[in-house]
Amino acid sequence: MSNDTPEGIRPYHHPAGGWDALRAVAQTIRTQMTVVSGPRILLRNNQPDGFDCPGCAWPDPKHTSTFEFCENGAKAVTWEATKKRASPEVFARHTVTELLGWNDHALEDLGRLTHPMAYDAASDRYLPIEWDEAFARAAAALNALPDPNMAEFYTSGRASNEAAFLYQLFVRAYGTNNFPDCSNMCHEATSVGLPQAIGIGKGTVSLEDFDHTDLIISMGHNPGTNHPRMMATLREAARRGVPIVVFNPLKERALERFASPQSPVEMATMGATPIATTYLQVNVGGDAAALKGVMKAVLALDEADRAAGGAGTLDHDFLATHTEGLDALIEDLRGTSWDTIEAISGLARADLEHVATLYCRAPSALVCYGMGVTQHARGTENVQQIANLLLLRGNFGRPGAGICPLRGHSNVQGDRTVGIDEKAPAALRAGIERVFGFVPPAEKGHDAVESIEAMYEGRSRVLVALGGNLAVAMPDTQRTHAAVRKLDCAVHIATKLNRSHLLLARENLLLPCLGRTELDMQATGPQSVTVEDSMSMVHASRGALPPPSPHVRSEPAIVAGLARAVLGERHGIAWEDMVADYDRIRDAIEGVLPAFARYNERVREPGGFRLPLGPTERVWHTPSGKAQFRVFRGVREDAPRAPDVLTLTTLRSHDQYNTTLYGFDDRYRGVFGRRDVVFMNADDLAERGLAEGDLITLEAADGSMHGEPARLTHYTAVTYDIPRGCVAAYYPEANVLVGLGNRDPQSGTPAYKSAPVRVLRAT
Ligand SMILES: Nc1nc2c(c(=O)[nH]1)N[C@H]1C(S)=C(S)[C@@H](COP(=O)(O)OP(=O)(O)OC[C@H]3O[C@@H](n4cnc5c(=O)[nH]c(N)nc54)[C@H](O)[C@@H]3O)O[C@H]1N2
Ligand SMILES: Nc1nc2c(c(=O)[nH]1)N[C@H]1C(S)=C(S)[C@@H](COP(=O)(O)OP(=O)(O)OC[C@H]3O[C@@H](n4cnc5c(=O)[nH]c(N)nc54)[C@H](O)[C@@H]3O)O[C@H]1N2
Ligand SMILES: [Mo]
């Protein structure tokens, strides 16, 4: 046993934000960019005539005029706008076998891809090819399949509306709905759960609602790292005296206190604003139980108030006019004991009753949530519990109220809106038929997990990926990697090299594309693209930097090139015309989807426009036209586990963007220069005869995984303020331990936040 603090582990005592954030930006500009262009390009971020930050999907203030500081946005931009190049000369120096031995940071740090490349088995290298040759090879692979359902078309959520719309049109014209996408790993629980509850699979709050709300509940998200621009909003609410209740197993620093780099006073005085007024360290997987506890207490307050002659604390008029299913919910809550709620949530009844009191006092309340809620085996039902709580007091359709899922990728929501959807909604299909004159396939396609299973079993033979790092983002690394290596052909449209490109199929194509920050010049001149943020605002984005090389093409142009090569004249779609002027793509989107009426006109207004959201007007697009209470049976999000099994939640560090590792620090959690750590409760360590700093092995305890139990070895235990029975480690490394079968049956979302594991002393 060692008693020394492990190397690189130093408690961090500062608030989130502050001078350390500014210092981190300066550092990232120094290492990735020329000093001159760095600050200048950052200033064009989220400006009316600039580009949309690829960092996250948090919206911009209405009349964007001031530059919103954000450390991690700056990292995302500088990482894309780097001066480093992964040119053919760089690929000539390294075999794929050699590159596979590099870490994820080193691969992307090679810089921007500059030329279309194809893998050459004889030299074990990627070699440059011409675009026409690349398109022809991809087309040959796709057209050789006996059935279009044997191809998978992945989308990561950075694609613009224009690129995503063309892509889904191409894929449906080709003949399949196999659209695995990053949303399947992320907010699918929202996309599936909320339509059943409130008739739309999106958040209902707007940025202005934060100015009017009387209570904010934050569940399972870490905005200081993943949505840093949200911190300005939370800080303002906190300073206005709005209670902020946090449910999170970890004490995330930014949810405790935040120093705004835009506040001269906080910066000069080293001061900070406290954020959470109540911080509840719920068990991993304990949110459903906690929400049930809060709702149970809300019902008790209502009964007490009515018994005392009051009108009750529930919004009874709203409930009678707008909802169905309340009786079943009440019956279920009555049948759920406080003992069970306390045991599963890990929270005290008194604390949950306190939240209920705050909630009943607040004229308007809103709930924000992220991956801590959705990435569970009952993620869909989790999300519905949040909707239940809000419905009880009519917290929809008035200022300051509503539900706020923090979406992931900057345009993941827009991609779904314009058709990246394996379920192929009838209205979308009808729209495509109306505008393009062909009948798109109706049969449900594969989501992300189903696509990996199909590849593994040989039912799918070709993968086309519009961005992302599918094989690294997915669970069960061993099986997922084996699956993609079985393919006949893999086509990756990407800005940078990553591991998915190196897990070789028989034929491999790497197609380099422009990023958000770059000038997109087409036949009729420079083009803008459009994106939809977490709050359903659609707005334009225009890059200004010179492309990384003259050979790099825009995503819409690459998709159109593929479509032409694969489909030829089939269906008579004018691919090149649409790419020549993206207004024409937007006209086509408007034709297919009426919510985009006057698209080109409205997107030219500063700030763009908001897509219609029924619940904001108390219109419920459910089969009965009313909002639905959905009962969560029992309280467990996961099956009971053996006594020696712990629940692993997988997290993002402060220095990463999903599978992109900018660096190896996780400043706010006090981890510097390493990622091979597991955060553990001191008692769980002691019970195993372990101490902080010990080398350990994490072993998967998921019975549905195949073969020998998967292991993460040479990890170091770090004592952390985390509930007993719960451990945390970084994504994506920890994906080795997450089973593909451990997923939400309703949404298919992998339970990345509750993998059963054993912690063993390293041997
Ligand atoms: N800089 C940066 N920005 C990003 C990303 C990035 O990687 N880096 N990724 C983008 C994407 S795609 C997404 S989806 C979002 C992700 O944004 P988040 O949803 O914030 O993602 P995670 O880091 O997975 O953090 C989840 C939080 O949930 C907590 N948690 C874990 N398990 C549980 C649980 O069982 N219950 C509760 N209540 N909490 C739990 C963790 O402690 C952590 O604070 O961010 C987007 N923005
Ligand atoms: N264990 C665990 N696993 C997880 C999660 C977790 O919390 N825990 N989170 C899940 C979530 S929420 C998500 S969203 C997924 C993320 O899964 P993905 O979206 O597939 O992964 P990213 O890491 O965002 O993809 C990075 C790659 O995208 C490419 N890229 C970057 N910008 C562009 C661009 O503008 N265009 C194109 N074409 N390519 C670009 C680059 O080549 C880069 O290497 O991971 C999931 N996996
Ligand atoms: Mo995500």
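Can you tell me the order of 593-602, 561-570, 658-667 when each peptide is scored by its average per-residue count of other Cβ atoms within 10 angstrom, highest first?
Working: 593-602: 15.6, 561-570: 18.3, 658-667: 20.8.
The densest-packed peptide leads the list: 658-667, 561-570, 593-602.
Quickly work out the A140-to-E617 label distance, labels modelled 7 Å from Cα along the C-beta direction, and quote it in nm with one decimal.
Going by the 7 Å Cα→Cβ label model, 5.4 nm.
Residue by residue, what Karplus-based ³J(HN,Hα) values in Hz, rounded to whole numbers, does the stretch 566-581 have, using 6.51, -1.76 and 1.60 with θ = phi - 60° and x for Gly and Pro?
Each residue's phi maps through the Karplus curve to give 7, 9, x, 8, 3, 6, x, 7, 8, 4, 5, 4, 5, 6, 4, 8 Hz.
How much length is gained if the chain between R240 and S123 is pulled fully straight, taking 0.36 nm per residue apart and subtracting their Cα-Cα distance, in nm to one decimal? Write out the running numbers ahead of the final one.
Values: separation 117, 0.36 × 117 = 42.12 nm, distance 6.37 nm.
Length gained, R240 through S123: 35.7 nm.
If you count only protein heavy atoms with a 1.4 Å probe, what accessible area per residue comes out for the chain, rounded to a whole Å²?
Values: 26230 Å² over 763 residues.
Heavy-atom accessible area per residue stands at 34 Å².
Apply the Kirkwood formula to the chain: the hydrodynamic radius equals the inverse of the mean of 1/r over all pairs of different alpha-carbon atoms; give it in Å with one decimal.
Working: mean 1/r = 0.0377 Å⁻¹.
One decimal place: 26.5 Å for the Kirkwood radius.
Calculated FRET efficiency, D587 and K626, Cβ-Cβ r, R0 35 Å, to nearest 0.05?
Details: r = 36 Å, r/R0 = 1.03.
My answer for the efficiency is 0.45.
At 7 Å along Cα-to-Cβ for each site, give me the label-to-label distance between S704 and E89 in nm.
Distance between label points: 5.0 nm.
Just list whichever of K296/K423; K423/K486; K202/K296; K486/K753; K251/K444; K251/K496 have alpha carbons separated by over 32 Å in the model shown.
On the way: K296/K423 36 Å; K423/K486 26 Å; K202/K296 26 Å; K486/K753 28 Å; K251/K444 41 Å; K251/K496 34 Å.
Where the Cα-Cα span goes over 32 Å, the pairs concerned are K296/K423; K251/K444; K251/K496.
Per-residue counts of other Cβ atoms within 10 Å, averaged by peptide: what ranking do you get for 402-409, 319-326, highest first? Intermediate results must be reported in sequence, preceding the final value.
Values: 402-409: 25.9, 319-326: 16.2.
The peptides rank, most packed first, as 402-409, 319-326.
What 222 nm value per residue comes from the helices of the chain, counting each DSSP H run with n ≥ 4 as -39,500 (n - 2.57) and dividing by all residues, nearest 500 deg cm²/dmol? Don't skip to the end; give the middle numbers.
Details: 31 runs with 269 residues, N = 763.
That comes out to -10000 deg cm²/dmol.
Quick one: what are the phi-derived ³J(HN,Hα) couplings along the stretch 266-273, Karplus 6.51/-1.76/1.60 with θ = phi - 60°, whole Hz, x for glycine and proline?
4, 5, 6, 9, 6, x, 7, 10
Can you tell me how much longer the chain between A544 and A595 gets when fully stretched, taken as 0.36 nm per residue apart minus their C-alpha distance, in nm with one decimal? Mind dumping the intermediate values first?
Working: separation 51, 0.36 × 51 = 18.36 nm, distance 2.94 nm.
My answer for the length gained is 15.4 nm.
Given the Cα-Cα distance of A268 and W338 and 0.36 nm per residue of separation, how much length would full extension add, in nm? All intermediate terms of the calculation are to be shown ahead of the outcome.
Numbers: separation 70, 0.36 × 70 = 25.20 nm, distance 4.76 nm.
Contour length minus the Cα-Cα distance gives 20.4 nm.
Quick one: which residues, 5+ away or cross-chain, put their amide H under 5 Å from the amide H of Y12? H built at 1.01 Å from N.
G670
Under 5 Å between amide H atoms, partner at least 5 residues away or on a different chain: which partners does D665 have, H built in plane at 1.01 Å?
Those lying under 5 Å, H to H, from D665 are G673.
With no other cysteine's Cβ closer than 4.7 Å, which Cys residues of the chain count as lacking a disulfide-compatible partner?
Cys with no partner Cβ under 4.7 Å: C53, C56, C70, C182, C186, C360, C489, C513, C726.
Choose one of L487, G458, G525: the residue whose Cα lies farthest towards the positive end of the charge dipole of the chain (beta-carbon charges +1 Lys, Arg; -1 Asp, Glu; about the Cα centre).
Value: G525.
Quick one: if the Förster radius is 35 Å, what FRET efficiency do E324 and T713 give, using the C-beta to C-beta distance and rounding to 0.05? Walk me through the numbers before you get to the answer.
On the way: r = 52 Å, r/R0 = 1.49.
For R0 = 35 Å, the calculated efficiency reads 0.10.
Spin-label point model (7 Å from Cα, Cβ direction): what's the A430 to R459 distance in nm?
It is 3.0 nm.
Using the Karplus curve 6.51 cos²θ - 1.76 cosθ + 1.60 with θ = phi - 60°, work out ³J(HN,Hα) for each residue of the stretch 669-676 in order, rounded to whole Hz, and write x for Gly and Pro.
Result, ordered by residue: 8, x, 10, 10, x, 7, 9, 8 Hz.
With a 10 Å radius around each residue's Cβ, average the other Cβ atoms per peptide and rank 423-430, 274-281, 187-194, 732-739, highest first.
Working: 423-430: 14.5, 274-281: 18.5, 187-194: 27.8, 732-739: 23.9.
Highest-to-lowest ranking by the protection proxy: 187-194, 732-739, 274-281, 423-430.
Mind listing the long-range amide H neighbours of N178? Cut-off is under 5 Å, sequence gap 5 or more, other chains count too, H placed in the peptide plane at 1.01 Å from N.
H446
Rounded to the nearest 5, what % of DSSP beta bridges with both residues in the chain are antiparallel? Working shown, then result.
Working: 36 of 87 bridges.
Percentage antiparallel, nearest 5: 40.
About its Cα centre, what dipole magnitude does the chain give when the only charges are +1 on Lys and Arg Cβ and -1 on Asp and Glu Cβ, stated in debye to the nearest 20? Walk me through the numbers before you get to the answer.
On the way: 76 positive and 92 negative charges, 139 e Å.
Charge dipole of the chain: 660 debye, to the nearest 20.
The values are calculated or read from the model by the stated rules, or taken from the named source; none is laboratory data. Here the structure is a predicted model, which is why all the values come from computation and not from measurement. Because the Cβ atoms are built from the backbone with ideal geometry, glycine has one as well, and the counts that use them run over all protein chains shown. We work out accessible area using only protein heavy atoms, side chains counted, and drop any ligands, DNA or RNA first. Shrake-Rupley method; radii C 1.70, N 1.55, O 1.52, S 1.80 Å.
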